[in-house]
Amino acid sequence: MIRRSGIAFALLFTLAVGAADAQMGYPRRYGGYGMSRWGADPGAGYMAALGSYARGQGVYALEKAKADAINVETVQKWNAALRARQIQLAKDEAEARAERNAERQARVDRADARDGTALNDLLLEIFDSDPDVVRASRVATPLPPEAIRDIPFEWASEAITICLDQMTARDAVPPLLADPVYEADRAAVRAAMSRAVAEDAKGAVATDTLAKARAAVATFRASFAKRASDYDPGYRDAKVYLTTLDALIRTINDPSMKLFLKLLEDGEERTVGDLIAFMQTFNLRFGPAESDRQVEIYARLIPALTAVRDAAVAARTTPTTPDPNGSNLRAAAAAAFQGMDWKELDAHERSR
């Protein structure tokens, strides 16, 4: 969704990526889900990819998943590439916004505080300076759980939908899949992705649109599996391409986020660090405030996030390299998802 803020920040769900046979799970805390340590491990912020697999008591248990399918290095490259692309999109929109509203700066400032732009700008700077939110998640500034529940969260999906749109362009399809026999499959996927981008630009990708896009990719997968052989030149590239499409489209939103919000009903005090880690985990941002209560919450959060941002920027060691055309994000996505098996993707879909 691209709103006036133009902010597209992301990240993903937190994974502690260990050895190939390691077991993964969320840190202990309320209900077994925990928030205070989300993002505290090197593998934290693993792309919103496939959303959160945590179910039940919050234990990570992906059917037939292979631990060695997730490589720490590719995860980190994905995180960096996604952040770089989102920063570039945010800068582009910020420049346009500044030109449109230069003569009305005071009014813009008030509007930014209400529509989430000010908070999203701060959040993006925090994620840019502290990608794994190791420091930010430890911020102990109190925040009532009911305040977190009242925040109108949105998914930060623009960078993902634009990436999908670019991947389905005619010149981006691998040679094997460019064969005329797949023309109908390519057209269906392309149409679905174009529609998703158009809807996201206006606010949100409709559930029906996502369902059609997933169905189009599934049909393309089935057609490829029926016709292609692993002996065919370019087979691996084609399969990685389809796997990446299939995985990325599932990251646009994650309904399980709402299940985590219900855990806040235990009344336990939370922190600003918990909020930041939660938003990173589910690739969320602040939506426009629609009530006086939400405006009040935003007013309280602006100085709190400003302090976290200042500390994160001061501790930052490596600057982010801009990604003007999204090529780094597309490459990072392919590298991150190439180890995923289609059975794993389908198992996740059944668990949603």
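Give 205, 240, 272, 217 a once-over and let me know the one that is among the hydrophobic types (A, V, I, L, M, F, W, C), over 25 Å from residue 136 (Cβ atoms) and touching a Ser or Thr at 6+ places or on another chain (Cβ under 7 Å). Quick ask: steps written out before the conclusion?
On the way: 240 fails: touching a Ser or Thr at 6+ places or on another chain (Cβ under 7 Å); 272 fails: over 25 Å from residue 136 (Cβ atoms); 217 fails: touching a Ser or Thr at 6+ places or on another chain (Cβ under 7 Å).
Criteria check complete, one pass: 205.
Open to solvent by 20 Å² or more (accessible area, probe 1.4 Å), under 25 Å from residue 309 (Cβ atoms) and hydrophobic (A, V, I, L, M, F, W, C), is that true of residue 140? Quick ask: steps written out before the conclusion?
Values: open to solvent by 20 Å² or more (accessible area, probe 1.4 Å): yes; under 25 Å from residue 309 (Cβ atoms): yes; hydrophobic (A, V, I, L, M, F, W, C): yes.
Answer is yes for this residue.
Suppose the filter is open to solvent by less than 40 Å² (accessible area, probe 1.4 Å), aliphatic (A, V, I, L, M) and assigned to a helix (DSSP H, G or I); does residue 299 pass it?
Details: open to solvent by less than 40 Å² (accessible area, probe 1.4 Å): no; aliphatic (A, V, I, L, M): yes; assigned to a helix (DSSP H, G or I): yes.
Spelling it out, it is not the case that residue 299 is open to solvent by less than 40 Å² (accessible area, probe 1.4 Å), aliphatic (A, V, I, L, M) and assigned to a helix (DSSP H, G or I).
Mind checking whether some residue in the range 320-328 is of a type in the set (Gly, Ala, Ser), closer than 26 Å to residue 220 by Cβ and loosely packed, with under 15 Cβ neighbours inside 10 Å?
Yes; the residues of the range 320-328 include at least one that is of a type in the set (Gly, Ala, Ser), closer than 26 Å to residue 220 by Cβ and loosely packed, with under 15 Cβ neighbours inside 10 Å.
How many residues are part of a loop (DSSP other than H, G, I, E, B) and touching a Lys or Arg at 6+ places or on another chain (Cβ under 7 Å) if we restrict to the range 129-143?
1
For the range 229-264, how many residues meet the condition of being under 23 Å from residue 331 (Cβ atoms) and of a type in the set (A, V, I, L, M, F, W, C)?
So the answer is 8.
Checking residue 232 against (1) closer than 25 Å to residue 85 by Cβ; (2) in contact (Cβ under 8 Å) with a residue 12 or more places away in the chain: exactly one of these is not met. Which one?
(1)
Can we say residue 306 is in a helix (DSSP H, G or I) and surrounded by fewer than 22 Cβ atoms within 10 Å (Cβ to Cβ)?
When the stated conditions are applied, residue 306 passes them.
Can you give me the number of residues within the range 235-258 that are in contact (Cβ under 8 Å) with a residue 24 or more places away in the chain and over 19 Å from residue 160 (Cα atoms)?
Residues that pass the stated criteria total 3.
What tally of residues in the range 154-176 results from selecting those that are more than 21 Å from residue 78 (Cβ to Cβ), modelled with pLDDT of 90 or more and either in a loop (DSSP other than H, G, I, E, B) or within 19 Å of the chain's Cα centre (by Cα) (or both)?
Residues meeting the conditions: 1.
Going through 213, 201 one at a time, which residue ends up being of a type in the set (Gly, Ala, Ser) and either over 30 Å from residue 302 (Cα atoms) or over 20 Å from the mean Cα position of the chain (by Cα) (or both)?
Values: 201 fails: either over 30 Å from residue 302 (Cα atoms) or over 20 Å from the mean Cα position of the chain (by Cα) (or both).
Unique residue meeting the criteria: 213.
Name the helices (runs of 4 or more DSSP H) wholly within the range 177-279 that hold at least 3 residues that are at pLDDT 90 or above and surrounded by fewer than 16 Cβ atoms within 10 Å (Cβ to Cβ)? Walk me through it before giving the result.
Numbers: elements: 183-202, 207-227, 235-249, 257-262.
Fully inside the range 177-279 and qualifying: 183-202, 207-227, 235-249.
In the range 280-294, what count of residues is obtained for those that are surrounded by 14 or more Cβ atoms within 10 Å (Cβ to Cβ) and either of a type in the set (Val, Ile, Thr) or not in a helix (DSSP H, G or I) (or both)? Reasoning before the result, please.
In the first step, residues of the range 280-294 are kept if they are surrounded by 14 or more Cβ atoms within 10 Å (Cβ to Cβ); the result is 280-289, 294.
Going one step further and asking which of them are either of a type in the set (Val, Ile, Thr) or not in a helix (DSSP H, G or I) (or both), we end up with 281-289.
Count: 9.
The values are calculated or read from the model by the stated rules, or taken from the named source; none is laboratory data. Computed from a prediction, not measured in an experiment: that's the story for all the values here. Every residue, glycine among them, receives a Cβ derived from its backbone with ideal geometry; neighbour counts consider all protein chains shown. The area values use the complete protein model at the heavy-atom level, side chains included, leaving out ligands, DNA and RNA. Shrake-Rupley method; radii C 1.70, N 1.55, O 1.52, S 1.80 Å.
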